[in-house]
Amino acid sequence: MRPFVVLIASIAALGGLLFGYDTGVISGAILFIAKAFALPTHLQEFTVSIVLIGAMTGSACAGVLADRIGRRQALFLAGGVFGLGAIGSALAAGIGVLLVSRFVVGLAIGLSSVVAPLYISEVSPARFRGALVSLYQFAITVGILGAFIVDYAFAPSGAWRWMLGLAVIPSLVLVGGMIPLPQSPRFLFKIGRVDHARRVLARIAGSDETAEEEAAIREGLRVKQAGMEIFADVPFRRALLVGVGLAILQQVTGINTVIYYGPQIFHMAGVGSNQASILATAVVGVVNVVLTLVAILFVDGVGRKPLLYAGCGGMCAALLALAIAFAQPQLGGALTWIALLSLVVYVGSFAYSLGPIVWLLISEIFPLQARGLGMSICTLANWAANFVVSEFFLTMIEKLGGPATFAVYAFLCVVTIAFVARVVPETKRQLLERISAAV
Ligand code: BGC
């Protein structure tokens, strides 16, 4: 694999790092923000969830933008918006400005969650596309862990402005890093800049593969028409079913209950002290990062579907163990350890399957003419499902109880396995154009 392609993917993946950091950092900052602005509970909740509302808005607009101005420019823009949001959050004099800034951060998250995987996927040679797009998920997990470390480091001083403001550093690196990067060759073909597209393709794919790739891209462009009539196109509708289904299942199997509410769950599991629950949260964060490497290593060799089966199977088993542990009259001793181990297995299994592979597949299954639009719709569904699950998790625990809540997530893992078996195509090592033609 050419180092140049790895460099492109790594810079674009910074969009994922900011996604992870900005969704993770608020959990530690909110306590201090609430105190600084004397916020009632509903405003505290809104300060947390407005990022998700921004992300839904950003992802809804991202596809059209990426198709108009190009993937590279859209990602460049996302970096700038991330930076503005971080500065606005850090300097906010009142809750109004803070809310607007958090919404702006959400916009950038939504934008980059469509455009970063899209761009990486379109510049990657087919043989390594799985690993390169998984770098994006790897960056998300590093961002989540980084947020946890920053929150922990600044907690004694209560410096929430620093917690939120530090995101400006990766934003600047993203903006600066995107400047010398090439446009997506597929986007260039789409807008008719053929010579430029060929030059980029030769730099990233090597001259022996360029001809085949160019032929496939041109063929794809000839067949399909852009515009709203695409919704009448049966293959596009089938790709939408696959993508939206996967995007929703990634969320309703419960990952963000652990990512956003980790300390509360550890508390329920019988972890008494704050220190121990922070340590447990850190272990989960590290496992999330490390196990994503498994996907990077195996997704192009073993394939997407086997990893999805193994990961969802592991998540299901871990959730059932958790449900059983929580069903016992009293947690403590061995049961607490079983609960903790289950959480680690659950997050680890997600990390090499549903985490990276959902982003990967939704960047692969759409035809070039409608890739931006298709990814936008799937990503919007992902953020909407994220919003619903994280808004209602505590209510679910309260109304249904822990065991039933985790059993529902376990059942949804089984649904995911069935969905993957029945409708998801295996896409390893295939040219993007062959995939969309075959979905
Ligand atoms: C999901 C996020 C989640 C993260 C955890 C991503 O793939 O889209 O919602 O917080 O993985 O690592």
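The values are calculated or read from the model by the stated rules, or taken from the named source; none is laboratory data. Everything numeric here is computed off the predicted structure, so don't read it as measured data. Virtual Cβ from ideal backbone geometry, glycine too; neighbours counted across all protein chains shown.
Computed quantities for the displayed model
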{"item": "Residue tally, condition within 16 Å of the ligand (Cβ to nearest atom), within 20 Å of residue 124 (Cβ to Cβ) and aromatic (Phe, Trp, Tyr), over the range 340-377", "result": "2"}
{"item": "Candidates 251, 275 - the one that is polar (S, T, N, Q) and either surrounded by fewer than 16 Cβ atoms within 10 Å (Cβ to Cβ) or more than 23 Å from the chain's Cα centre (by Cα) (or both)", "result": "275"}
{"item": "Candidates 166, 172, 249, filtered to the one that is within 16 Å of the ligand (Cβ to nearest atom) and over 19 Å from residue 66 (Cα atoms)", "result": "249"}
{"item": "So residue 248, is it within 29 Å of residue 377 (Cα to Cα), at pLDDT 85 or above and in contact with a Lys or Arg (Cβ under 8 Å, 6 or more places away or on another chain)", "result": "no"}
{"item": "Residue match in the range 274-285 (condition: within 16 Å of the ligand (Cβ to nearest atom) and farther than 16 Å from residue 340 by Cα)", "result": "no"}
{"item": "Total residues in the range 254-273, condition within 11 Å of the ligand (Cβ to nearest atom) and touching a Phe, Trp or Tyr at 6+ places or on another chain (Cβ under 9 Å)", "result": "6"}
{"item": "In the range 334-363, residue surrounded by the most Cβ atoms within 10 Å (Cβ to Cβ) [restricted to those that are free of Cβ contacts under 8 Å to residues at least 60 places away in the same chain and over 19 Å from residue 412 (Cα atoms)]", "result": "338"}
{"item": "Checking residue 298 against (1) more than 16 Å from the ligand (Cβ to nearest atom); (2) touching a residue at least 60 places away in the same chain (Cβ under 8 Å); (3) within 23 Å of residue 137 (Cα to Cα); (4) not polar (S, T, N, Q), the condition it does not meet", "result": "(2)"}
{"item": "Enumeration of residues in the range 26-54 that are surrounded by fewer than 18 Cβ atoms within 10 Å (Cβ to Cβ), among the polar types (S, T, N, Q) and in contact (Cβ under 8 Å) with a residue 12 or more places away in the chain", "result": "44, 49"}
{"item": "Where a residue in the range 246-257 is within 15 Å of residue 356 (Cβ to Cβ) and its partner, wherever it lies, is outside any helix (DSSP H, G or I), with Cβ under 9 Å and at least six apart", "result": "246/424"}
{"item": "Selection status of residue 149, farther than 26 Å from residue 297 by Cα, within 16 Å of the ligand (Cβ to nearest atom) and in a helix (DSSP H, G or I)", "result": "yes"}
{"item": "Matching residues in the range 253-279 - criterion: being assigned to a helix (DSSP H, G or I) and modelled with pLDDT of 90 or more", "result": "255, 256, 257, 258, 259"}
{"item": "Selection from the range 4-49 of residues that are outside any helix (DSSP H, G or I) and more than 21 Å from the chain's Cα centre (by Cα)", "result": "37, 38, 39, 40"}
{"item": "The range 122-151 residues that are under 14 Å from residue 289 (Cα atoms), paired with ones that are away from the ligand (no atom under 12 Å from the Cβ) and outside any helix (DSSP H, G or I) (beta carbon under 6 Å, 6 or more apart)", "result": "134/299; 147/25"}
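This table checks each residue for (1) of a type in the set (Ser, Thr, Tyr); (2) within 12 Å of the ligand (Cβ to nearest atom); (3) part of a helix (DSSP H, G or I).
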{"site": "97", "(1), (2), (3)": "no, no, yes"}
{"site": "104", "(1), (2), (3)": "no, no, yes"}
{"site": "111", "(1), (2), (3)": "no, no, yes"}
{"site": "122", "(1), (2), (3)": "no, no, yes"}
{"site": "129", "(1), (2), (3)": "no, no, yes"}
{"site": "134", "(1), (2), (3)": "yes, yes, yes"}
{"site": "143", "(1), (2), (3)": "no, yes, yes"}
{"site": "153", "(1), (2), (3)": "no, no, yes"}
